[in-house]
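The values are calculated or read from the model by the stated rules, or taken from the named source; none is laboratory data. Worth saying up front: this structure is predicted, and the values here are computed from it rather than measured. Note that we place each Cβ from the backbone using ideal geometry, even for glycine, and neighbour counts take in every protein chain shown. Areas reflect the complete protein model, heavy atoms only, side chains present, ligands, DNA and RNA absent. Shrake-Rupley method; radii C 1.70, N 1.55, O 1.52, S 1.80 Å.
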4 protein chains.
Amino acid sequence: MTKPLAPLSALSSIPRDVRCAADYARLAPVFMAPALFAHIDGGSGDDLTAAENLASFGEHAIVPRVLRPVYEGGTACSIAGIARPHPIMLGPVGWQAMMHPDAERASAMAAAAAETCFIASTMSSLTLEDIAGSKGSDRWFQLYMQPDRAVTRDLVRRAEAAGYAALVVTVDAPIQLPSYRALAADYEAPAGPANLRDYPVKAPAEITRGQSKILNGFMRDAPGWHDIAWLAGQTSLPLWIKGIMHADDGREAFANGAAGIVVSNHGGRTLDGAPSSLSRIAAIRAALGDASPILFDGGIRSGTDIFKAIALGADAVLIGRLQAYALAVAGALGVAHAIKLLREELEACMALAGCATLSDVRAAEIVLQGQGRGAKS
Amino acid sequence: MTKPLAPLSALSSIPRDVRCAADYARLAPVFMAPALFAHIDGGSGDDLTAAENLASFGEHAIVPRVLRPVYEGGTACSIAGIARPHPIMLGPVGWQAMMHPDAERASAMAAAAAETCFIASTMSSLTLEDIAGSKGSDRWFQLYMQPDRAVTRDLVRRAEAAGYAALVVTVDAPIQLPSYRALAADYEAPAGPANLRDYPVKAPAEITRGQSKILNGFMRDAPGWHDIAWLAGQTSLPLWIKGIMHADDGREAFANGAAGIVVSNHGGRTLDGAPSSLSRIAAIRAALGDASPILFDGGIRSGTDIFKAIALGADAVLIGRLQAYALAVAGALGVAHAIKLLREELEACMALAGCATLSDVRAAEIVLQGQGRGAKS
Amino acid sequence: MTKPLAPLSALSSIPRDVRCAADYARLAPVFMAPALFAHIDGGSGDDLTAAENLASFGEHAIVPRVLRPVYEGGTACSIAGIARPHPIMLGPVGWQAMMHPDAERASAMAAAAAETCFIASTMSSLTLEDIAGSKGSDRWFQLYMQPDRAVTRDLVRRAEAAGYAALVVTVDAPIQLPSYRALAADYEAPAGPANLRDYPVKAPAEITRGQSKILNGFMRDAPGWHDIAWLAGQTSLPLWIKGIMHADDGREAFANGAAGIVVSNHGGRTLDGAPSSLSRIAAIRAALGDASPILFDGGIRSGTDIFKAIALGADAVLIGRLQAYALAVAGALGVAHAIKLLREELEACMALAGCATLSDVRAAEIVLQGQGRGAKS
Amino acid sequence: MTKPLAPLSALSSIPRDVRCAADYARLAPVFMAPALFAHIDGGSGDDLTAAENLASFGEHAIVPRVLRPVYEGGTACSIAGIARPHPIMLGPVGWQAMMHPDAERASAMAAAAAETCFIASTMSSLTLEDIAGSKGSDRWFQLYMQPDRAVTRDLVRRAEAAGYAALVVTVDAPIQLPSYRALAADYEAPAGPANLRDYPVKAPAEITRGQSKILNGFMRDAPGWHDIAWLAGQTSLPLWIKGIMHADDGREAFANGAAGIVVSNHGGRTLDGAPSSLSRIAAIRAALGDASPILFDGGIRSGTDIFKAIALGADAVLIGRLQAYALAVAGALGVAHAIKLLREELEACMALAGCATLSDVRAAEIVLQGQGRGAKS
């Protein structure tokens, strides 16, 4: 009944007609089974938030500046004290074997080639140790906190032992909601991820008659802020809290020991009906001040998108769907190429906006256009 | 010339591809005669307000909140002092025999199964006594005030005798306006409803030459605020006034003895050109204060819609068209299933918005997006 | 080369499927030659303002009010001191023989049947005396001021002699601009109108090399405010100035002897790129005060449109294109029927908005929706 | 592999169905090879800014004014102290041999016929001396500053010698970005332009490993404000700085010796994601004051577009794509005709907006409509 989701054959070279990073999204349907593409391209529910993430970029325009000296500039940045040559990181994407037989190993290699960080998902097709064994060493581990603290602690120890440099704790998906489009395409998620293979499965919380399966059942095992504080005490790795959409939650994250936050709506895969990530970044930055490390995740397809996210408040950006698309199209080569294109597109945008550095980008003027024009920032 | 409107065969089980409450609306055209679907799906005139009701939800987004303790929460609420397990009620829908041979009996049974209230329409296919005889007892009676007060009083006495717990007085439809779409589909309303079968028909008010048939004729028999005050004196049942779109009318309702109001534009079936119900709820709640019981009616298709209506000011919501669609698709089972799906969707939305209770939902942050962005709330 | 524009056969009875006034617009293309329909339906240039006139109504919504006593109400109004049973007037439409063989005589008869005023265009197919000879007597004469004051004076004398009760001086079309759509359809205007048949044609102003044919040529013969003042001195008939879109021009009109103004952009037939008439009425009413007689012209298709125009500031409305459409579809009967439908639609709208009188309508609450929501009124 | 881009046969007379200037854009695809049309019609990247330039005009409406004396008026203007009969100039368009065999000579002749200025591009198909030899003498030279100052100085000397009356220094395109649409159509730019044929090609700046090819390579040769100051000292010709989108850059231009600025986003050919030119003009005029010479470039297709640009702050406008289209359709005749039509359209618009002069246009009221309505000017 279920259609096989084995990846179609990815290319071993960069397709001739990839001229911009977004072309990997354009080509992806050719390289992915329809059910898989429906799943990756969709979000949750009616996929409204996933679409809003993309549309939001078109509502913001960048005011060009001219004749400024930018020739000593560059995209170098410091993310929570760590110097990086550019602000593009590979966000956590689970089950990459669906996209390419080399799975997370390919993306991690691409990250190394493109001088950036690979964030390995708890839900990876390969174990975190397997991923750590591939070329390069700039890696963070994305952690879903487990119902059993011993399991969580063990995952952290394993990540530490394997050399991961930070933990990204995703907090916005305590429950999983389907995309109706993916369901209609008969998408079925793969079996439990390699990282969790050897742990006992905790029995779901029991509910009594009249109780809510979601609120009183699933959510009983969901982590809370005190779990973040506990986790911060278990490891010396910096903690990033991913899935922040409200300034108050950002404040709470730092109060509980976070090193930084990721503004994200999980690519529209959790609450369908959430606003776009881009629409939230400015207010969150304003509330938390210039010094708080803030990453952005949600709909990046081009260098001008990155420019806009940084101008509105982000320090750097994560690439999720586009990573999956490039991986499906051309494996490690595709992912590395997509990052390279994004970086060049960002550099071109900086040049035309008169920005030598990302600090200049932060100060650049963004204006609203089209239907965004009525917005009150 | 008129096409038969006998219901097509409803299913006796839940269709496999119903994954969310809104799927009943999607499937309905398969289970309803085209003329009937045109009537139910349409509103009045060009159906603009009916469409605006739906579109309005897409203009509001819910800001997710994370890591909050919601596991002891639930959807329990108190509607005018009566505890209810969730805020979803079955609004009055007339002539349900058009949708299913079991008519209102099926919907009333579904309400009982789904632990909610069924509001029987004056215009029901079955008499209020017949409906009262079906399983369950949580029922309100929707009352159209009749030109002859003796008839109105008799209807109230009958509702009291049959055990209805409240009266919902619909005040926004003193005249009936056609939907041009329904007319074009040759829809014809069924003959006079069972509840009114045994009353004499009052002769319409006579008008003189030059007078308006509508203003000076039909509207002479339309009720006024003094009739609400009179009615409040005739019964000990709580009165809900349905069809309020302006804060001043809300105030007037409470001043004349109402126990609560229903913000509604009659699903766009009266004044085509009225704003969406959703666009009015915040101002009405603000004007009437937190303690006034306010229900919402107008376009609910999902749990996130319910969340938005409550966050903007409603205490609970009525389900109208969706009830009719689920009834047509799968009878009592379909209606009960639709309510169950809505409740689960609401719970999932609460979990992802960090709301343990409906009071938390009321305090949740709603932001405008898309074309709603220029709105002045 | 030119296609004949003789009217197709109009019906001698009301078509069965006309359920609302707007249906005459829907049916018109069946009863008019394509080139004629392109001309009537179009505006000038790219027809943008003509389209904006219609779209503007959809951006405004009427807040329903309930349980108000409206049964002694009606649509009676006083236009500049003259009592009228309703606020719907037939605006000036030239060359009506293109629409129906009975031409302006049919429309004038319809006006009489529908208890309203017919405004005969200077550009009528029939002479003003011929039109005056038809049944009914409630008529105004629309005057284009002529390059030769003697001709203008003679037209006024003739209108006075024929019993016209007011003059409507159209001032917004000193030059004629084509609709590209009408040109593409090979529309050609008929030969000079009957009213001007017997006057000498004044030679166009000569221009020297380097001068503008438009500004220095055609516009030299265009009237100015001093001509309005002069005209006011030539007749005891009240003068209405038609084509006002700016409050300052409204003030100027009254200062130069006008009895009232018509807010109009000539149905989008002059300056393509002008805003909708509806978007201008509120500011003009606010600037001129409650006592100034102001008519509205521009896109009325329904009773709710009339309600909106009056609520925003108009005293009454003119019907232009819809008159032409109804005339083409069913002659005098069609025009009278269209007015009757509009009046009933207005009455229904008043009933549902709780307005007994047009004064109540003026005070009714209009809210913005859709793309109008960002508007600053 | 590359398709030939030789122009299709241009007409030697004005096509019968050109009724407005914009018709040249409508007809252009018939007269241009698809790849060339894709290039000319596109912008850069996804062509978003190119589209926004056009859409922006539709968001602004012109309020008509009536009965004003305009018959002694005209379109005469003074651009930086030079009297001109109208405000329409031919902006720099490179490689005109792609559009017509007569190339820039045709456009320059058209400018002379239409009493306006031709601005010859550095990237012309013909040398500036060849263009100077054609009929007429009202010419400016568009200068791309060259990496080698000696080359720049030589170009300036040649322009002075050939009688060019001003220099237009384009500063917004230090790097060239492709239009994906043009790439997809296999467009390839012609070989290096005639004007630069005899200069040595400067080797590109070397970059070290880890440096950005764009920021540290190409941009090292890009001019800065000090180069403008230097250039102002090299010539007595007035300098116009083209490509200003921010008021601060406008101030800087005048501070460094500019005689005027051109508000432009290079027709959307540089930073895709820049706002429309029209959306920037009002703020720039407000910041720089009434006396600063400001030209507008970006999407002009009609006389009402010109009116809007001037009303919002421009002194005159440049015609780019429309020049290319008219040239492709009907050579010099087409270009002259397009200018004539634009001028007449502007005159008609002035007549209907009650503006006798361009100073009146500057003071005319522009209102927002449609999606522009939420804009904060």
**OP:** Report the label-to-label distance for C:Gln234 and C:Leu11 in nanometres (one decimal), using points 7 Å from each Cα along the Cα→Cβ vector.
**Re:** 4.3 nm
Original post:
Per the Cauchy relation, a quarter of the hull surface: what is the mean projected area of the convex hull of the alpha carbons in chain D, in nm²?
Top reply: 19.4 nm²
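Could you compute the net charge surrounding A:Ser277? Neighbours are other residues with a C-beta less than 10 Å from the C-beta of A:Ser277; K and R count +1, D and E count -1.
-1
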Original post:
What does the average come to when, for each residue of peptide A:173-180, you count the partner chain Cβ atoms lying within 10 Å of its Cβ?
Top reply: 4
Original post:
If you rank B:Asp172, A:Asp138 by how much accessible surface each has, with a 1.4 Å probe, what is the order from largest down?
Top reply: A:Asp138, B:Asp172
Original post:
How large is ³J(HN,Hα) for each residue in the stretch D:26-37, as worked out from phi by the Karplus curve 6.51 cos²θ - 1.76 cosθ + 1.60 (θ = phi - 60°), to whole Hz, x for Gly and Pro?
Top reply: 5, 7, 3, x, 6, 10, 10, 4, x, 5, 5, 4
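With all pairs of different alpha carbon atoms counted, what Kirkwood hydrodynamic radius in Å does the stretch D:116-220 show? Provide the component values of the computation, followed by the final result.
Numbers: mean 1/r = 0.0637 Å⁻¹.
Every distinct Cα pair counted, the radius reaches 15.7 Å.
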Original post:
What translational D, rounded to a whole number of µm²/s, comes out for the stretch D:224-377 from Stokes-Einstein when the hydrodynamic radius is the Kirkwood one over Cα pairs, at 37 °C and 0.692 mPa s?
Top reply: 197 µm²/s
**OP:** Give me the distance between the Cα centres of the stretch D:29-53 and the stretch A:208-243, rounded to whole Å.
**Re:** 52 Å
**OP:** Over both sides of the A-B contact, add up the buried accessible area with a 1.4 Å probe and give it to the nearest 100 Å².
**Re:** 3300 Å²
**OP:** Under 12 Å from a label point 7 Å along Cα→Cβ of A:Ser78: give me every residue in the stretch A:279-295 with its amide N that close.
**Re:** A:291
Original post:
Carbon-plus-sulfur fraction of the accessible area of the protein assembly as shown, 1.4 Å probe, in percent?
Top reply: 55 percent
Original post:
What list of ³J(HN,Hα) couplings, whole Hz, do you get for the stretch B:187-200 from phi and the Karplus terms 6.51, -1.76, 1.60, once you set θ to phi - 60° and write x for glycine and proline?
Top reply: 5, 10, 5, x, 5, x, x, 4, 4, 9, 3, 9, 9, x
Subject >> Computed [θ] at 222 nm, helices only, for chain B once each DSSP H run of length n ≥ 4 contributes -39500 (n - 2.57) >> reply: -11000 deg cm²/dmol
**OP:** Can you tell me the relative contact order of chain C? Whole percent, Cα pairs under 8 Å, sequence separation 6 or more.
**Re:** 29 percent
Original post:
Across 10 Å bins from 0, what is the distribution of all Cα-Cα pair distances for the protein assembly as shown, in whole percents?
Top reply: 1, 7, 14, 17, 17, 17, 14, 8, 3, 1, 0
Subject >> If the convex hull is drawn through the Cα atoms of the stretch B:214-285, its volume per residue in Å³ >> reply: 104 Å³
**OP:** Could you run the Karplus curve 6.51 cos²θ - 1.76 cosθ + 1.60 with θ = phi - 60° over the stretch A:234-251 and give me ³J(HN,Hα) per residue in whole Hz, x for Gly and Pro?
**Re:** 8, 8, 9, 5, x, 9, 10, 9, 9, x, 8, 10, 10, 4, 5, 5, x, 4
Original post:
For the stretch B:79-123, what percent of Cα pairs sit more than 14 Å apart?
Top reply: 49 percent
Original post:
Once the whole set of protein chains is in place, how much accessible area is left on C:Lys340, using a 1.4 Å probe, in Å² to the nearest 10?
Top reply: 110 Å²
Original post:
What average number of partner chain Cβ atoms lie no more than 10 Å from the Cβ of the residues making up A:266-274?
Top reply: 6
Subject >> Whole-number D in µm² s⁻¹ for the stretch B:92-159, Kirkwood Cα-pair radius fed into Stokes-Einstein, 10 °C, 1.306 mPa s >> reply: 131 µm²/s
**OP:** Please state, as a whole number in µm²/s, the translational diffusion coefficient that the Stokes-Einstein equation yields for the stretch B:271-355 at 4 °C and 1.567 mPa s, with Rh defined as the Kirkwood radius across alpha carbon pairs.
**Re:** 94 µm²/s
Subject >> Accessible area of D:Asp41 in the full protein assembly, 1.4 Å probe (Å², nearest 10) >> reply: 50 Å²
**OP:** Would you pull out the residues with amide H under 5 Å of B:Trp95's amide H, same chain only if 5 or more places away, H placed 1.01 Å from N?
**Re:** B:Ser124, B:Ser125
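Using only the alpha carbon atoms of the stretch C:162-299, find the Kirkwood hydrodynamic radius as the inverse mean reciprocal pair distance, in angstroms to one decimal.
That comes to 17.1 Å for the stretch C:162-299.
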**OP:** In square nanometres and to one decimal, what's the mean projected area of the convex hull around the Cα atoms of the stretch C:314-377?
**Re:** 5.9 nm²
**OP:** Please return the longest stretch of chain D lacking exposed loop sites, where GluC sites (Glu not before Pro) count only if DSSP places them in a loop and at most 12 other Cβ atoms lie within 10 Å.
**Re:** D:207-377
**OP:** Pop the C-beta distance of B:Asp221 and B:Arg197 into the FRET formula with R0 = 30 Å and round what comes out to the nearest 0.05.
**Re:** 0.95
Subject >> Surface accessible to a 1.4 Å probe, A:Arg251 within the full protein complex, Å² >> reply: 110 Å²
Subject >> Pseudo-label separations to other copies for B:Thr235 - Cα-to-Cβ vector, 7 Å, nm >> reply: 6.2, 6.2, 8.8
**OP:** Quick one: divide the alpha-carbon radius of gyration of the stretch D:1-136 by 2.2 N^0.38 Å and tell me what you get.
**Re:** 1.27
